[in-house]
Structures are given as structure tokens and as C-alpha cells.
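To keep things clear, I will list the structure first and then write my remarks on it.
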There are 2 protein chains.
Amino acid sequence: MEIATIKDIAKALNLSTSTVSRALRGSYEINPETKRIVLECAEKLNYRPNPIALSLKENRSRAIGVVVPEIDNPFFSQAINGIESIAYNRGYHVVIFQSHESYDREVVNIQHLASRRVDGVLISLSGQTTHVEHLKELHSKGMPIVFFDRFSDEINTHKVVADNYQGAFDGTEHLIKSGKKYIAHLAASPTLSITRERISGYQAALEKHGIPYNEDFVKYCNFSIEDMEKVIDELLSQPILPDAIFTVSDRLAMACLKILKKRNIRIPEDMALMGFTNLKVAELLSPSFTSVIQPALEMGQRAAELLLDMVEKKSKNPVYQTVKLPTELIIRDSTKIVTD
Amino acid sequence: MEIATIKDIAKALNLSTSTVSRALRGSYEINPETKRIVLECAEKLNYRPNPIALSLKENRSRAIGVVVPEIDNPFFSQAINGIESIAYNRGYHVVIFQSHESYDREVVNIQHLASRRVDGVLISLSGQTTHVEHLKELHSKGMPIVFFDRFSDEINTHKVVADNYQGAFDGTEHLIKSGKKYIAHLAASPTLSITRERISGYQAALEKHGIPYNEDFVKYCNFSIEDMEKVIDELLSQPILPDAIFTVSDRLAMACLKILKKRNIRIPEDMALMGFTNLKVAELLSPSFTSVIQPALEMGQRAAELLLDMVEKKSKNPVYQTVKLPTELIIRDSTKIVTD
DNA sequence: AATATTTACGCAATCGTTGTCGGCAACGTT
DNA sequence: AACGTTGCCGACAACGATTGCGTAAATATT
């Protein structure tokens, strides 16, 4: 890993490093002939400026940190795809961290990011996160932060989210219009913004159609398979069974589908099933799966753009916005109207 | 982003930066009392060593670069998950790059990585990559490189791969034992190592069971949806139709499934379908999907471990190994034996 | 008491690069 | 001839941290 430095060029040409530096940047006060020679030599030695030295000098790293609960989750990997594409085009690198839905890991990740001197942070909160002092501290020190998908109201900054309320409303209304009356809602962690928004949408749709809200039909669960199965079991062992389940994540939807199949509960005849998912194979599932789809890629792109704008503009009066992207309801067989 | 430096501590305590530095690292030649004061002050100022300054001095970044074709692909996101977990535990950060299956992008990514001074590179080659001069150059300069999944024989270094030959052999044999005789193989780019290995396994299984190898049953395709559909169309419009298709990627398997369903071709009665996939929802597909599964997470972990061992050990006599991890054949309905 | 050793700290160089300053020529201007 | 201007370039400091070397004072040794 011996890489030529500006000094090597200077030594080879018997010039000072200042002159070489200026020649490389095309400064007007360098003789064109000297420039030519320097550039030639740089080419020959395959000179590449050392970004670490620049970072030290300019006090910035041209890297942004991304903290997600799990990379290995279609929604987040699609979002990261969007983030990477924007960052790449604007000359930034993307450093990835996973919180694994753990608050403690998230805190440690944030500490790493801070000491790493990334230029900005994109984050989607872990399911365990209930307070955000770790982010507040970072933010108060001037670190640009943009939330996507899962945010906290306690920090005033840009947020990019799906229209969870409308998505849940549309999905629930679709279930109602399909003739379902006992609609369960399998929610994620009650502390997450997305959870609250989706439950609001769910409730609003029920209310609009005069269906009473039944607390027993709303279940929260974390992201472990065990917990999901336990909660689904609970739901299915109540005196009044739901005739539809609206789940809020890829994994939850799949866990439901699996359990319902195992129990030979017919979908959608006995139970309609729908999810807030980003699975590309939804249409190939059995039955094909009705989903409220979030624009994950676009969310990542928009969040990255907002972040890099913050990073690059020194405007001390940022007008923070919350970008709300529309969801899309794709209706398939798992919520088909049963005509019998 | 005003972060306290060692100078701030020195100034506050009226000490030299050398003393502060040594006190922080617990050097024996610093008075215990002085150490106490320094540590206290560092705590108060929330001092964090600047990794960029360290990088410059030590000529290393404590970051590794990862180049994958697409993050948004279950196999690679699972592998990155494994990479991140190992890197995290060993104090390294992970910088992500996507080649989008493009050779040109891959070259640019490698250039970025090189000038970025990452300490090592994990790479899975793009589908377009036919020569690896860009990597050779990097490798010859001493940059530790470890391949995972898709490697090149032209570079002598660690490789972590699935046992593609055996996986393809097992899968093909399973199809044969299910009564299939006209087994097509939908391969990826012919330049990829995994493609060659899998075709070998496929051929070996055919040979073992006395089934003639038919060139028309082996089709290559790149990673675009259009190309996949074109190739599948070609396969299905031949005079002799296959009675089984063995696909080699998630996307290809899904494209196949979709087209076969659209054409009302019954699976597995008319056509068995099997893939080299890492979809977690394989069992929930319709029909449930037989797959040769690669240990993606473990591949990422092993590759990261090998890379970090190289990075940290200055042993100038590395014995390069090719780690071959076993695949697992999960038999489901899409290749069920039809008894009629 | 004179010398040797230990303790505890500061100075300055270093990593690669850039910005500030200054300087030395070779001009042009009066 | 004396002065100002311009073109072109080098020395030095700085970014944050570490480290080899030097050294004063305190202590130990003879």
C-alpha cells in the first residue's frame, strides 16, 4: 500500500510541496509549464490525494453514517440502495451500522459515528428506542441528522416518512369494503412513530365506517420471531376471532401467513391478510399478498438529498421539513372479496 | 460539531499535549495524580480521540470496503449483515459500494476504495466483470482483498464461496430422482465463477444418471428483468420443452415463477422449478419453493474474519485459502414428485 | 558530598495537504 | 535610476495525535 504523496512528486521534480499542491489544483500563480510537468509526474506516479489528510485539514470526512435496525430487511436494504446512489453521485461514502432493534446498540453506533467524524447521519430508530438523548446531544453539537421512516418528535430536523396514516387508512378501508368487520391490527413497538401513525389511520377508517374500535384486536409485538408467534397465538385464541389481520411489517406478515397456513385457516375466506410490506415477491406468495407498499428507495434518496444539502450548506437557518411520501395499496388475493 | 481535542485538555490543565496523550493512554511515566486530573478533564470535556488524525499517523483507517453488485438482494444483504457483525466486534467500520452489476461502476468503486485508504476490501464481482486488472493493481500494492461468492482465479488471495458444484449437483440429482428428464439450467453471466461451478455440478449429475447433456437447455442471462424474460421465453419456445428448470438466482427464480404462472404452466406437474436462492419466504410461495440455500450470513462472517486477520497480521507469508461452505437443499412443493 | 538513577514532563518531528506569508527575479513606469 | 508591479515559487504553520529524545528536579547510591 505504498501510495505516492505530494512530497514524492515534489522530491522527484525538485519543487516544494506547496508548488506541487497548487499546480495540481490548477492555481493561476503557477507557470503553465510547471503545471504540465507536475501533472505528468503525478500521472506517472499514480498520485491520488489522501482523503484522510484532507479530512483532518478540512475537518470533514465526506462520509455519512447510516443507522438502520437491520440491513437484512427488504425495506431497509432498498432504502440503503437509494441512499448509496445519491451519496455516490455527490462524492460521499456510506458507512453502515445496524442497531439490531436494540437501544444499547443504537447508542453505541451513534457514539462511533460521532467520534468517526462523519459529516452527517441518516437514522431509522430501533424498536427499543424510547428516548433520544444520544441523538439530541449529537444534534446539539451541530451534527446534521435526518430521520427516515422511524423518527422522534423530540428532535427538530428533516424527516422523510411514508404516509403511514393514509396507508393504514386505505388498507383498513379496503378490508372493510371487502366485507370484513373484525379487523385486527398487528402493530410493532408502541414507541415507534410509525406504529402510532398506522394505528391512527386504522382507527380513523373504522370510525368512518361505523365499526367499533376493539382494543383486543390491536396487538403490539417486537421483532423477535418468538414474540410474533406468541402474539398471533393470543390473537387467535380470543373469544371473538378477527376476520382480517392487518400487519405492519414484512416479517410479521410472513409469520402470520405461516401460522395461518399451518392452522389451515383459509385466506381470505376465514381470514383476510394484509401487510405494510416491501416484499418484491408479494404477488408470488400463496395466496398472493395484498400490501401497502412504502417507497423505500425514494425515501432513502430523499433523506440522503436532504442530509447532503444540510452538510454542504452552511445556512444557519434551516427550515426543517417533514417529507411525507405516498404509499401504494396493491390489492391481491389475500384480501379478495369472498362471494359465497 | 465542536469536539474537544487533546490540545483543549492541555490548555485547560496547563500541560503539554504529549503529557495529556500519554496520560490518556496510561503511560507509566506519568504521575498517577496527573493522570487522574487529565482523565477527569477529558471526561468533563467529553473528549474523543480523532480517528482521522490517528488514521493519518498510522496510515490506516479502521474501515473496510465492501463491494457488492446490489445491496437490495437478499443474498448480499445477508452477507453484509455477517460482515458488519464481525467488523463491528473488531472495531472496524464498513463502507458500502454497489457495482450494480456494471464493470465500469466496479472499477470506479475500486478506485474510490483505494484512494479512500480503506484497510481492506471484500468484494463479490459484478456480472459484467471479465478481467480484474483493477483489482490486480490494488492487490499488488498490498491491499488485502478477500473475495466472497463471486471470485476471480487471476488473483491469489482468500476466497469464501458456497460449494456451488455440490449444490448444483445435489439440486440436479434431486430433480432427476423426482422423475424429471429434461432439466434446463438457467445460468447467470458465463463469466462468473459461480456460473461455471454450478454448470459443472449440473452436468456431473446428469452424467451420473445417464442423462444426455443438451446445450439448448442451458441458457445464460444477465441481471436485467428484460433479459430474463427473453431467455425464459426462448427456453419455452423450443421444440423439446424441459420438464424442470433449475435457476441460479433469487431474481431469476422469481421471474421464472411469474412467467410460468402467467402461462398457466402447472408446477411441478408440467414443470418443476428449483433455485439457488436465499429468499426467506421460499416456503410461503405458491407453490412452496425448492431451493439450494447458500449460507450467506456465514459467508460474510468468514470473509470478514479472513480479511481482518490479513489486515492485522503483518505476516508476509499468507497461506491463502479458499473456504468452501456447504449449501443446503430444501425440498418443497415446486419439485414434488407427481404420482399420476 | 558527589554522582548516578529515576521520575515526570516538554519539545519537536511526523503523517499529507493546504493557506499565509514572504521573497526574488524580471518586467514596466516615471 | 528609482520605484512599483507582476509572475512564480518556497518556507512555515496548521489540522490532531503519537513518540523519540532531551532535561530538570527529586531521589538513590556510593
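The values are calculated or read from the model by the stated rules, or taken from the named source; none is laboratory data. None of the values given here were measured: they were computed from a predicted structure. Note that we place each Cβ from the backbone using ideal geometry, even for glycine, and neighbour counts take in every protein chain shown. When the accessible area is computed, the model is the full protein with side chains, heavy atoms only, and any ligands, DNA or RNA have been set aside. Shrake-Rupley method; radii C 1.70, N 1.55, O 1.52, S 1.80 Å.
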- Hey, A:E305 hits all of (1) free of Cβ contacts under 8 Å to residues at least 60 places away in the same chain; (2) more than 13 Å from every other protein chain (Cβ to nearest Cβ) but one; which does it fall short on? (1)
- Message: Please go through (1) in contact with a strand residue (DSSP E or B) (Cβ under 6 Å, 6 or more places away or on another chain); (2) farther than 16 Å from B:R116 by Cα for A:L39 and return the number of the only condition it doesn't satisfy.
- Response: (1)
- Query: Can you name the condition, by its number, that B:S77 falls short on among (1) touching a residue at least 24 places away in the same chain (Cβ under 8 Å); (2) open to solvent by less than 10 Å² (accessible area, probe 1.4 Å)?
  - Reply: (1)
- Of the conditions (1) closer than 24 Å to A:V319 by Cα; (2) touching a residue at least 24 places away in the same chain (Cβ under 8 Å); (3) of a type in the set (D, E, K, R), A:K136 clears all except one; give me its number. (2)
- Item | Tally, over segment A:234-248, of residues that are over 20 Å from A:E173 (Cβ atoms) and either small (G, A, S) or assigned to a helix (DSSP H, G or I) (or both) | 4
- Among the candidates B:I52, B:I37, B:I71, residue that is closer than 30 Å to B:R105 by Cβ and in contact (Cβ under 8 Å) with a residue 12 or more places away in the chain: B:I71
- Would you pick out the residues in segment B:53-78 that are in a helix (DSSP H, G or I) and either in contact with a Cys (Cβ under 9 Å, 6 or more places away or on another chain) or more than 9 Å from chain A (Cβ to nearest Cβ) (or both)? B:L54, B:K57, B:E58, B:F75
- Query: Somewhere in segment A:120-135, is a residue assigned to a loop (DSSP other than H, G, I, E, B) and within 9 Å of chain B (Cβ to nearest Cβ)?
  - Reply: no
- Task: Exactly one condition in (1) more than 9 Å from every other protein chain (Cβ to nearest Cβ); (2) open to solvent by 40 Å² or more (accessible area, probe 1.4 Å); (3) among the aromatic types (F, W, Y); (4) away from DNA strand C (no atom under 15 Å from the Cβ) is not met by A:Y88; state its number.
- Result: (1)
- Does A:L13 fit the bill of being aliphatic (A, V, I, L, M), more than 14 Å from chain B (Cβ to nearest Cβ) and farther than 21 Å from B:H93 by Cβ? yes
- Item | Residue check, B:V311 at pLDDT 95 or above and either within 14 Å of chain A (Cβ to nearest Cβ) or assigned to a strand (DSSP E or B) (or both) | no
- Item | Qualifying positions in segment A:240-256 - among the charged types (D, E, K, R) and within 13 Å of chain B (Cβ to nearest Cβ) | A:D250, A:R251
- Note on the structure: Going through segment A:257-276 in order, the residues found to be within 10 Å of chain B (Cβ to nearest Cβ) and either more than 23 Å from A:K230 (Cα to Cα) or open to solvent by less than 10 Å² (accessible area, probe 1.4 Å) (or both) are A:L257
- In the list B:E207, B:E137, which residue meets the criterion of being at pLDDT 95 or above, surrounded by fewer than 24 Cβ atoms within 10 Å (Cβ to Cβ) and not aliphatic (A, V, I, L, M)? B:E207
- Kindly indicate whether B:K324 is surrounded by fewer than 20 Cβ atoms within 10 Å (Cβ to Cβ) and within 21 Å of B:I80 (Cβ to Cβ). yes
- Message: Here's a check for you: in segment A:140-168, which residue that is open to solvent by 30 Å² or more (accessible area, probe 1.4 Å), in a helix (DSSP H, G or I) and modelled with pLDDT of 95 or more is nearest to A:L235 (Cα to Cα)?
- Response: A:Y165
- Could you tell me which of the residues B:S286, B:S291 is surrounded by fewer than 20 Cβ atoms within 10 Å (Cβ to Cβ), among the polar types (S, T, N, Q) and either within 13 Å of chain A (Cβ to nearest Cβ) or farther than 18 Å from A:K258 by Cα (or both)? B:S286
- Message: Based on this model, can you work out whether B:L125 counts as closer than 25 Å to B:V248 by Cα, among the aliphatic types (A, V, I, L, M), crowded, with 18+ Cβ neighbours inside 10 Å and at pLDDT 95 or above?
- Response: yes
- Inside segment A:4-20, can you point out the residues that are under 42 Å from the mean Cα position of the chain (by Cα) and surrounded by fewer than 17 Cβ atoms within 10 Å (Cβ to Cβ)? A:A4
- Sort through B:I83, B:I96 and tell me the only one that's under 22 Å from A:H112 (Cα atoms), touching a Leu at 6+ places or on another chain (Cβ under 9 Å) and either outside the structural domain of B:S249 (by TED's automatic domain parsing) or surrounded by fewer than 20 Cβ atoms within 10 Å (Cβ to Cβ) (or both). B:I83
- Of all helices (runs of 4 or more DSSP H) completely enclosed by segment B:3-52, which ones contain at least 1 residues that are near DNA strand C (Cβ under 7 Å from one of its atoms)? B:17-24, B:32-44
- Restricting segment B:29-46 to residues that are within 12 Å of DNA strand D (Cβ to nearest atom) and open to solvent by 40 Å² or more (accessible area, probe 1.4 Å), which is nearest to the chain's Cα centre (by Cα)? B:N46
- Query: Taking the stated definitions as given, is A:G82 part of a helix (DSSP H, G or I), in contact (Cβ under 8 Å) with a residue 24 or more places away in the chain and among the small types (G, A, S)?
  - Reply: yes
- Query: Can you tell me how many residues in segment A:154-170 are under 20 Å from A:P268 (Cα atoms) and touching a Ser or Thr at 6+ places or on another chain (Cβ under 8 Å)?
  - Reply: 2
